[in-house]
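Some notes on the structure that comes next.
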Amino acid sequence: MHDSVWLNAHLATMAGAAPYGEIRDGVIAATGGRISWIGPRSAWKDKAKQEIDARGAWITPGLIDCHTHIVHAGNRANEFEMRLKGASYEEIARAGGGIVSTVSKTRAATEDELAATAQARLAQWLAEGVTVIEVKSGYGLDRDTELKMLRAARRLDGVTVKTTFLGAHALPAEFKGRADEYIDFVCDVMPESGADAVDAFCEGIGFSIVQVEKLFKVAKQNNIPVKLHADQLSDLGGAALAAKYGALSADHLEYSSEAGVKAMAKAGTVAVLLPGAFYFLREKQLPPVEALRRHGVPMALATDNNPGSSPLTSPLLAMNLACTLFRLTPDEALAGFTRNGARALGLQATHGTLEKGKQADLALWKIGAPAELAYAMGANPCGGAVIAGSARGQ
């Protein structure tokens, strides 16, 4: 006998060849926190201890936001005004703004304060059916604050949290002119971070290919998967570098070359597209979506929530932006926050699709068709979420 079963539902399994992997008038059951049966209601012959009437809802995998900076202190609304007056992201960063301007606030905040403010932000993700979220450090740029941020992230309630050590996010003031020494410092701190992955900002205003490669070598020596902020503002070869080290994902990718895309395809590296930053910074260089499709690179989506370049708190709006700005289809957009989001975190064996044996993370939606999730701007038709077979909050 199954623990629970959801009846009177339509299923967007995000598995198989059909659009959305849909099963109309479907049934999904869970036992021991895992999906134990899934299929059309006409084939359901089993019993369950608990029967839940989904009342015609669509059920998708719980959404996965695979790139966020949700743990931070303060905001950068003043820089938003500066950009509207004509300053570029690089000009603001070189003038002492950008990432470094958040560092002092985050260093000054206690772990409790960081955890509380992040939990408050997280309410939007919880309301929109997110069951897994990735959280990066990167606003401490010193040992104690980086580790404090990761501890605060692990305290978030209501979701599964995957942490990423992003010590190589920017060069702190105390290391001005000594970027190589700072990378050595980051390499020393990395093993004690306890993070699920390591990331870096590979860019002219960030760190060079040589510096990131040194970091990645140490990560591999410590068996820590790598990710990369790649080719957002220029093509430094970040996509190819990520592929060289078998990165889980390369993120942004606006300036990635066809050669970089080919390398990602060969390595199995996921492309994480971040339409919130593209929109907020008013960028014009689109990521190479057609090349990614042509070479079969999985495309994930994420909010990239951060105080400077993407204060986006809505995965559903991110889907709409990806469709309108990047020309993704609604099916691709939902795959970006489910199946491919899971791959970008190395969770594809347990999350991201509705299949027997996978964790029973579900989102229930009051919609007539899955395309509505990417269609309506500002709407939230989520009717609840389930994590490991139990309704969130139970």
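Residue pairs whose Cβ atoms lie under 9 Å apart, separated by 6 or more positions or on different chains, with the first residue in region 165-183 and more than 17 Å from Glu203 (Cβ to Cβ) and the second in a loop (DSSP other than H, G, I, E, B) and acidic (Asp, Glu), are Phe165/Asp196; Glu174/Asp142.
Filtered by the rule that a residue be in the same structural domain as Gly276 (by TED's automatic domain parsing) and surrounded by fewer than 18 Cβ atoms within 10 Å (Cβ to Cβ), region 22-75 gives Gly74, Asn75.
Residue pairs whose Cβ atoms lie under 6 Å apart, sitting 6 or more positions apart in sequence or on different chains, and linking a residue in region 24-37 that is farther than 17 Å from Gly62 by Cα to a partner that is at pLDDT 95 or above and basic (Lys, Arg), are Asp25/Arg41. So is Leu215 assigned to a helix (DSSP H, G or I), under 27 Å from Ser256 (Cα atoms), of a type in the set (A, V, I, L, M, F, W, C) and touching a Cys at 6+ places or on another chain (Cβ under 8 Å) or not? Against the criterion (assigned to a helix (DSSP H, G or I), under 27 Å from Ser256 (Cα atoms), of a type in the set (A, V, I, L, M, F, W, C) and touching a Cys at 6+ places or on another chain (Cβ under 8 Å)), Leu215 qualifies. Out of all the residues in region 186-212, which are part of a helix (DSSP H, G or I) and free of Cβ contacts under 8 Å to residues at least 40 places away in the same chain? Those that are part of a helix (DSSP H, G or I) and free of Cβ contacts under 8 Å to residues at least 40 places away in the same chain: Val186, Cys187, Asp188, Met190, Pro191, Ile209, Val210. Where strands (runs of 3 or more DSSP E) sit wholly within region 241-301, those with at least 3 residues that are under 20 Å from Val198 (Cβ atoms) and in the same structural domain as Glu213 (by TED's automatic domain parsing) occupy 249-252, 270-273. For region 44-55, the tally of residues that are touching a residue at least 12 places away in the same chain (Cβ under 8 Å), outside any strand (DSSP E or B) and farther than 22 Å from Gly352 by Cα stands at 4.
The number of residues in region 371-394 that are in contact with a helix residue (DSSP H, G or I) (Cβ under 6 Å, 6 or more places away or on another chain) and closer than 16 Å to Arg55 by Cα comes to 0.
Do you know which residues across region 144-162 are crowded, with 24+ Cβ neighbours inside 10 Å and small (Gly, Ala, Ser)? If the condition is that a residue be crowded, with 24+ Cβ neighbours inside 10 Å and small (Gly, Ala, Ser), then Ala152, Ala153 are the ones that fit.
The residue list Tyr245, Tyr255 contains one member that is closer than 22 Å to Glu283 by Cα, surrounded by fewer than 24 Cβ atoms within 10 Å (Cβ to Cβ) and among the hydroxyl-bearing types (Ser, Thr, Tyr), which is Tyr255. With the requirement that a residue be farther than 22 Å from Cys66 by Cβ and touching a helix residue (DSSP H, G or I) at 6+ places or on another chain (Cβ under 9 Å), what does region 222-247 give you? Asp235, Leu236, Gly237 - these are the residues of region 222-247 that are farther than 22 Å from Cys66 by Cβ and touching a helix residue (DSSP H, G or I) at 6+ places or on another chain (Cβ under 9 Å). Residues that are modelled with pLDDT of 95 or more, under 30 Å from Met319 (Cα atoms) and surrounded by 17 or more Cβ atoms within 10 Å (Cβ to Cβ) are absent from region 175-188 altogether. Assessment of region 21-37 against the conditions (on the phi > 0 side of the Ramachandran plot and touching a His at 6+ places or on another chain (Cβ under 9 Å)) yields at least one matching residue. Within region 18-39, does at least one residue satisfy the condition of being closer than 27 Å to Ile133 by Cβ, part of a helix (DSSP H, G or I) and among the basic types (Lys, Arg)? For region 18-39, residues closer than 27 Å to Ile133 by Cβ, part of a helix (DSSP H, G or I) and among the basic types (Lys, Arg): absent. Among (1) touching a helix residue (DSSP H, G or I) at 6+ places or on another chain (Cβ under 9 Å); (2) under 19 Å from Phe326 (Cα atoms), which single condition is Gly268 missing? (2) is the only condition that Gly268 fails.
The values are calculated or read from the model by the stated rules, or taken from the named source; none is laboratory data. On a predicted model such as this, the values are computed, not experimentally measured, just so you know. FYI the Cβ positions are ideal-geometry reconstructions off the backbone, even for glycines, and counts take in every protein chain you see.
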